[in-house]
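**Student:** Okay, handing you the structure first.
The values are calculated or read from the model by the stated rules, or taken from the named source; none is laboratory data. A quick note: this is a predicted structure, and the numbers were derived from the prediction, not measured. All Cβ positions, glycine included, derive from the backbone under ideal geometry; neighbour counts span all protein chains shown. Just the protein is used for accessible areas: all its heavy atoms, side chains included, with ligands, DNA and RNA removed. Shrake-Rupley method; radii C 1.70, N 1.55, O 1.52, S 1.80 Å.
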Amino acid sequence: MNHTPRISPVVSCTLLVVTLVAGVTACGESDSHPLSAKPYDAADEISSNASDGGEKVDPDKPLEVSVDGDDGRITDVTAVDASGRHLAGELDADGHRWRSTAPLAAGTRYSVRVSMEDSDGAPGGRTLSFETTAAKKFLKVAFGPQAGTYGVGQPVTATLSAPVTDKAARATVERALKVRSTPAVTGSWYWVDDKTLHYRPQEYWPAKATIEVSSNLAGIKVTNALYGAPAKALKITTGDRLEAITDASEHSMTVKRNGEVINTIPVTTGKPGFSTRNGVKVVLGKEYYVRMRGETIGIAEGSSDSYDLPVYYATRVTWSGEYVHAAPWSTGSQGNANVSHGCTGMSTSEAEWFYNTVREGDIVKVIGSEGETMTPFDNGYGDWNLSWAKWQQGSALQNDNTPERVDTVQAARLRPQV
């Protein structure tokens, strides 16, 4: 088959020498070299299992592009879907066939550009486009928290509409979930369970950061017949780095803003048998008024530990009912004894100040208590109580590592405790 131009490699080398010797006048003749020739339309030589603009393609089948050995060899293939995602593939050593190595996305259009050279070294090319059939079953992703400004301890969450158990499928999902922080940080996803992921940096988020979360999962094959659905992106910001550190053994809370102490508050924490949890917690919300009753945490009505109290300026740190709140009935013990049923109590004026100062996502850390350490996931955001090494093991992208399981028990007590 003949195409224009056709110049043999030996002659072209001779002409190249001539043009160099001839000087400036001959520069205009360089177009006669095969490497500078305009690629010819190689539609007759290049074939594919995806017809150009024809019937929709099954995304479960690989894309193949080939050329007959007598016609030349393929030099490059670029396949891009409508979202700008490149399709990975491999070219045989002889250049006669290219085959995709990653699954096609469902319900999208691909543009394919193929470059080749014929047996004489002349460049040829072909472009084609095709659509893939739509998926029938979708995996949806919802990001949290809601858009807004949070403390530097706030994790990002991703909730899936269906369970994903296979590690390879989890890796596909995780690779598609993008988190970008300005300033940039090192962070990772952790699979809390088959339908829930949390994302946190190695350290707390920077103060005054912007965090953008998005999914590139739309159309991507996750498991057999399950494909990713489009997801609504999320943008949140962080405020100042606010940390409240309670030393239960010293009966004192130190509040810092961006590393500077802004308040020291006398407090009381959990008494023996009701010791406050150690570790890092994150503010979950604030309630001006909460009615706290002992029966809701298993204390028998009428017993010596029973209580039924109106509580004000209550800042929640666990789902099971641990708060930082006003406790005017225990002002005599604040600063010198632990007499509560697990909450951190302080005077009404200090509780009002704390309530008005903190926001969701701010850090509330307890040290020096005889209580257990806050669990990572089942009772609020205890994510920061895992070391960075253990956190990374919860990622499906860890090579040759099975995510370390963290034993969690569903919180049985979802009511306030004082």
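**Student:** So if each residue of separation counts as 0.36 nm, and I subtract the Cα-Cα distance between T159 and Y289, what length gain in nm does that give? If you can, show how the numbers build up before the last one.
**Tutor:** Working: separation 130, 0.36 × 130 = 46.80 nm, distance 3.06 nm.
The T159-Y289 span can extend by a further 43.7 nm.
**Student:** Could you work out how much longer the chain between A184 and K136 gets when fully extended? Use 0.36 nm per residue separation minus the Cα distance between them, nm to one decimal.
**Tutor:** Numbers: separation 48, 0.36 × 48 = 17.28 nm, distance 3.75 nm.
Stretched fully, the A184-K136 segment lengthens by 13.5 nm.
**Student:** Next question. On full extension of the chain, what length is gained from E55 through Y312, given 0.36 nm per residue of separation minus the C-alpha to C-alpha distance?
**Tutor:** Between E55 and Y312, full extension yields an extra 85.9 nm.
**Student:** Hey, if we sort F143, F130, F138 by accessible area with the 1.4 Å probe, largest down, what's the order?
**Tutor:** F138, F143, F130
**Student:** Taking the alpha-carbon centroid of each part, what is the distance from segment 139-155 to segment 351-389 in angstrom?
**Tutor:** So the separation of the two Cα centres works out to 17 Å.
**Student:** Could you check the spin-label model distance between K195 and S129? Points 7 Å from the Cα along Cα→Cβ, value in nm.
**Tutor:** 3.9 nm
**Student:** Moving on. Keeping every protein chain present and rolling a 1.4 Å probe, give me the accessible area per residue for segment 330-403 in Å².
**Tutor:** Per-residue value: 43 Å².
**Student:** Here's something else I'd like to know. How much net charge surrounds W353 when only the other residues with a Cβ under 13 Å from the Cβ of W353 are counted, with Lys and Arg +1 and Asp and Glu -1? Don't skip to the answer; put the middle values down first.
**Tutor:** Details: positive: R257, K286; negative: E350, E352.
Net charge in that neighbourhood comes out at 0.
**Student:** Given a cut-off of 28 Å, name the pairs among K137/K390; K61/K390; K140/K256; K136/K232; K61/K167; K137/K167 whose C-alpha atoms lie farther apart than that in the structure shown.
**Tutor:** K137/K390; K61/K390; K140/K256
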